1. Please tell me the relative contact order of the stretch 8-96 in percent, rounded to the nearest whole number, where contacts are Cα pairs under 8 Å and at least six residues apart.
2. Give the shape of the stretch 20-64 as rounded, prolate or oblate, defined through the alpha-carbon gyration tensor: a ≥ b ≥ c are the square roots of its eigenvalues, a/c under 1.5 means rounded, and otherwise the shape is prolate if a/b is larger than b/c and oblate if not.
3. Rounded to the nearest 5, what is the percent of antiparallel bridges among the DSSP beta bridges in the chain?
4. Once you've got the GNM for the chain with C-alpha springs shorter than 10 Å, pick whichever of 253, 44, 148 has the biggest mean-square fluctuation.
5. Note the listed values (i) 0.97; (ii) 1.05; (iii) 1.20, then indicate which one is Rg/Rh (Cα atoms, Kirkwood Rh) calculated from this particular structure.
6. With angles folded into 0 to 90 degrees, how steeply does helix 133-148 sit against the dominant principal axis of the chain? Use alpha carbons for both and round to 10.
7. May I ask for the equivalent-ellipsoid semi-axes of the stretch 128-237, computed as the square root of five times each C-alpha gyration tensor eigenvalue and listed largest first in whole Å?
8. Kindly identify the stretch 8-96 as rounded, prolate or oblate by the Cα gyration tensor criterion: order the square roots of the eigenvalues as a ≥ b ≥ c, call it rounded if a/c is under 1.5, otherwise compare a/b with b/c, prolate if a/b is larger, else oblate.
């Protein structure tokens, strides 16, 4: 094992003294010591701790977004704390705080399958200057339905903006304190199948039944099993009886959605498939989105508009 000699201790002490003198010239060190009333002696006691803090703080200079963060733990920076003892604690940076504020409404989600890049979307953020008259009319109908708490069946080709409109609605509802759910129907089908033996999916089913506002995303794209059909029917029955606002989003119109459910069933189950479709038609007022693919019109990322 290597041993320190008196010369080593002397060199280390000299290096520490030199570091202390260097840190005394740093404006950020002087500023934090003055603002927090930290005794000057703490600089002599903890020069290496303060040098590490200063080096990490410099990594934030010129940062313009959380995406460009250079810290070891994205969005977190060390800040001095003095309560008689100088220490450091991790705190969220301004960009992470901004993100947390924008996503604060997420606590009201009972089920949240929203894509990450749509979790802060809201109607106020939509860009409409390049949109067609037909799209603007459909958007206004959706906003009016949302304000009136009416249910919708939103359908149309891929890229026409259905997911964005549904995401704006469910986020804005959560911002109002409503218990909300945004569920991907293909994922729900997978989760039901994966937990058939344990019955864990029942908790999610209860949440989908009683959410104040629920969006059923990509209905018609899921794998339809006997269990899934029965679960969906029970959810729709409960929501219809309670008059809870429910939006469906699909690439299929009612006719092609019916074909999807019927073709997924045995001949004996066609009646059950039609009962599911009857509930959907009874609940959701149809709203078609037509027009060009909007996914290339905006910079929010591939897949925003579906």
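Values quoted throughout were computed directly from the atomic coordinates according to the rules given, and no laboratory measurement underlies them. Predicted, not measured: the structure shown is a model, and the values here were computed from it. Positions of Cβ are backbone-derived with ideal geometry, glycine not excepted, and every protein chain shown enters the neighbour counts.
1. 19
2. prolate
3. Taking every DSSP beta bridge within the chain, about 25 percent pair in antiparallel fashion.
4. Of 253, 44, 148, the Gaussian network model singles out 44 as fluctuating most.
5. Identified label for the calculated read-out: (iii).
6. 80
7. 29, 16, 11
8. Here the stretch 8-96 falls in the prolate category.
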